[in-house]
Each structure stands twice: as structure tokens, then as C-alpha cells.
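Note sheet for the following structure.
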Amino acid sequence: MTIKSLKTDVLIVGAGPAGLTAGLYVARAGKKALILEGRGPSRLAIPYTIENYPGFPSIASQELLATFRRQAVSFGAEIVAGDAVAFMLDSDPKYATTKDATIEAGAVILATGKPVPKERMIPGEDRLVGQGVSYCATCDGPLFRGATVAAAGHGEEAVEDVRALLEMGCKVVWVPGKSGGPADGPEARALEEQGAVIRREARIKEIRGQERVESVVVEAPSGVEVVPVPAVFIFREIPAGPLFERAGLALDHKQCVAVDRFQRTNVPGVFAAGDITCGGLQVVAAAGEGCVAALQALVYLRR
């Protein structure tokens, strides 16, 4: 896979009301705005009726989201699909990496939505991100050529990424975490013929290691087993908190990004808006924070 190089004035991570509003303001000011839209959908993508957004006595959530999107694009904001799997934010310029692109930006606005609670992560996952815990097979798979690695996740993406790991020379123990679905399909059986071990009735209970991943604890009906591995590839919605923390951002105990009244984080040139800040958790609040973050990002670029 070819890794693209993208460059923008402001990178906005998240395509909900905060991210789209930020993109609108940045683009309208004549700067290049790139909005990274991840797999985790905006809450507005879930159908419900909104009755407290100013100017609209009643509007469908999906219609409002589509309106935000059209308006941002109409001013020149670019929306690209992809999840950030790594950040380098203390540099100038700043960088984010997805599975197929490296993005260079003068400023960054984080608007990834409500943080994934630690309870939904595998124990040990957040502590070992970047130290053997990876969300990108194509990025990190070559580092473990010839080694036995674990893979967790049950969607179509998991099938593709397990195939990629095998093609890179990794030996794979795939623990889907649930039975049925793609892990039981013909493509998964073809992966078994290529050497993948699929533990369909099992789940990864814990990721162990001191400085780096050393093993995973696999729980199955037959019992609990400790499998030595140097890496775990996790294929699902990426919890932004550990990535942000590793990039030097201050988070609270809920994995929310700490900001001041100007949506500035503790890292110069990096701003956050919307539910990731755990503010009002309202659409109008997210849009307002996106506006403030964009205006401050423009000030930062001018300076």
C-alpha cells in the first residue's frame, strides 16, 4: 500500500458538529481545512429529533449533520475518510498518521466526539499503545515479520488486516471476540489455510507487558491461556484518549481533553472542541466550541 503525503493549514480530526463548524470557519477564512472523518460516527448520525438547536424548532439529527457538512464543503473544506493512528503534536509543523496517509498541518483541532471509556478497552491496551498495541496492520506489521502476533476484532476490516499481516510474514493468532460474522466466513477459512489461527470462541482478557507487549491472556470455554506475543493488533473504533496522551496532551480521568476557555490544549497549536472536552455535550455547544477553536487556530497560524 502506498502511503500518501497530505498537507493542510489546519487538520480537524472528527466530522461531527464541532469538526464541521471548525472546518467551515477555517475554509471561509481562506485557509486550507482538512477534516478527517473516522469510523466512529457522530451522535447526529443516529436518527432522532432535535428541538433545542437555535433556529430550528424541530429538525432530524441526520438532516442537521448533512447541513453542517454541505456548508463546510461549500466553503472549501475537504473531508477525507480515515482514523488517526498516531500523532506528533509538539513539533512545528504537526503530523498525524492514518493507515494510508501522513498529514502535515500548521495547527490541529481535535473533535473526535465522546471519548471511549477505559472500561471498553482491553485491560492493558491504553498503557501499551505504541509499545506493541497497534491499530494499523499496514503501518506496524512489517516491524513484526516472522513473529507470532495477536489480532482482535471481528469485522470485515479484521479479515483484511489479518490477511495483510500474513502477507507481511507475521504469524497470526486471531481472536475475534465473538462468534459468527466474517470470522466464520469463507475468507476467514482461507486465512486459516494460509496459517492463521482463529480462536472463535475466545476473547482477549488482558494485554500484559512492562515496557512493551509481552503476552495476551486468552479466555476460552476450555480455560485461560497466556500466549506470548510482541504485538496486538486491534481492529475496531480507535480510542483517541491513549493516542492523545501519548502525544503529550493533558487528559482528565474520563479521557476528556483539557482545554481553556479558548479551546486551547496544553500543547501550543492544538485545540479541542465538542464532546471530547466533556463540556455541555449538546450540539449547539459543540458547534460553538468548534467556532472558537477555529478562530484560535487562525490566530495561531498568523503568529
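Taking segment 30-42, which residues are open to solvent by 60 Å² or more (accessible area, probe 1.4 Å) and in contact with a helix residue (DSSP H, G or I) (Cβ under 7 Å, 6 or more places away or on another chain)? Hit for segment 30-42 is LYS31, nothing else.
Restricting attention to segment 54-71, the residues that are at negative phi and either surrounded by fewer than 17 Cβ atoms within 10 Å (Cβ to Cβ) or assigned to a loop (DSSP other than H, G, I, E, B) (or both) add up to 12. Counting the residues of segment 272-282 that are open to solvent by 20 Å² or more (accessible area, probe 1.4 Å), touching a helix residue (DSSP H, G or I) at 6+ places or on another chain (Cβ under 6 Å) and in contact (Cβ under 8 Å) with a residue 12 or more places away in the chain gives 1. The residues of segment 287-302 that are open to solvent by 50 Å² or more (accessible area, probe 1.4 Å) and either charged (D, E, K, R) or not in a helix (DSSP H, G or I) (or both) amount to a single one, ARG302. For the condition more than 26 Å from PRO17 (Cβ to Cβ) and in contact with a Lys or Arg (Cβ under 7 Å, 6 or more places away or on another chain), THR102 does not qualify. Across segment 204-227, what is the number of residues that are open to solvent by 50 Å² or more (accessible area, probe 1.4 Å), touching a residue at least 12 places away in the same chain (Cβ under 8 Å) and farther than 27 Å from GLY113 by Cα? Adding up the residues that qualify gives 8. Would you point out the residue of segment 168-227, among those that are hydrophobic (A, V, I, L, M, F, W, C) and part of a helix (DSSP H, G or I), that is nearest to THR138 (Cα to Cα)? Only one residue tops the list, namely LEU191. The single condition among (1) open to solvent by less than 20 Å² (accessible area, probe 1.4 Å); (2) not in a strand (DSSP E or B) that TYR25 does not satisfy is (1). Residues in segment 180-196 that are in contact (Cβ under 8 Å) with a residue 12 or more places away in the chain and open to solvent by 70 Å² or more (accessible area, probe 1.4 Å): GLU187, GLN194.
So which of ASP83, ASP140 ends up being closer than 22 Å to GLY290 by Cα, of a type in the set (Asp, Glu), open to solvent by 20 Å² or more (accessible area, probe 1.4 Å) and touching a residue at least 60 places away in the same chain (Cβ under 8 Å)? ASP83 is the lone residue from the list that is closer than 22 Å to GLY290 by Cα, of a type in the set (Asp, Glu), open to solvent by 20 Å² or more (accessible area, probe 1.4 Å) and touching a residue at least 60 places away in the same chain (Cβ under 8 Å).
All of (1) of a type outside the set (Gly, Ala, Ser); (2) open to solvent by 60 Å² or more (accessible area, probe 1.4 Å); (3) part of a loop (DSSP other than H, G, I, E, B) hold for PRO230 with one exception: (2).
All of ARG163, ARG145, ARG127 fail the test of being within 23 Å of ARG200 (Cβ to Cβ) and open to solvent by 30 Å² or more (accessible area, probe 1.4 Å), apart from ARG163.
For the criterion of being of a type outside the set (Lys, Arg), at pLDDT below 95, within 25 Å of CYS139 (Cβ to Cβ) and not in a strand (DSSP E or B), PRO47 fails.
The sole residue among THR112, THR102 that is of a type outside the set (Phe, Trp, Tyr), closer than 22 Å to ALA15 by Cβ and under 14 Å from the mean Cα position of the chain (by Cα) is THR112.
Yes/no matrix, rows are residues, columns are (1) surrounded by fewer than 21 Cβ atoms within 10 Å (Cβ to Cβ); (2) among the charged types (D, E, K, R); (3) not in a strand (DSSP E or B):
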site	(1), (2), (3)
VAL73	yes, no, yes
ILE79	yes, no, no
SER91	yes, no, yes
GLU104	yes, yes, no
ALA107	no, no, no
LYS114	yes, yes, yes
GLU119	yes, yes, yes
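The values are calculated or read from the model by the stated rules, or taken from the named source; none is laboratory data. Keep in mind that what you see is a predicted model, and the values were worked out from it rather than measured. Cβ sites come from the backbone with ideal geometry, for glycine too, and all protein chains shown count toward neighbours. Keep in mind that these areas ignore ligands, DNA and RNA; they rest on the heavy atoms of the full protein, side chains included. Shrake-Rupley method; radii C 1.70, N 1.55, O 1.52, S 1.80 Å.
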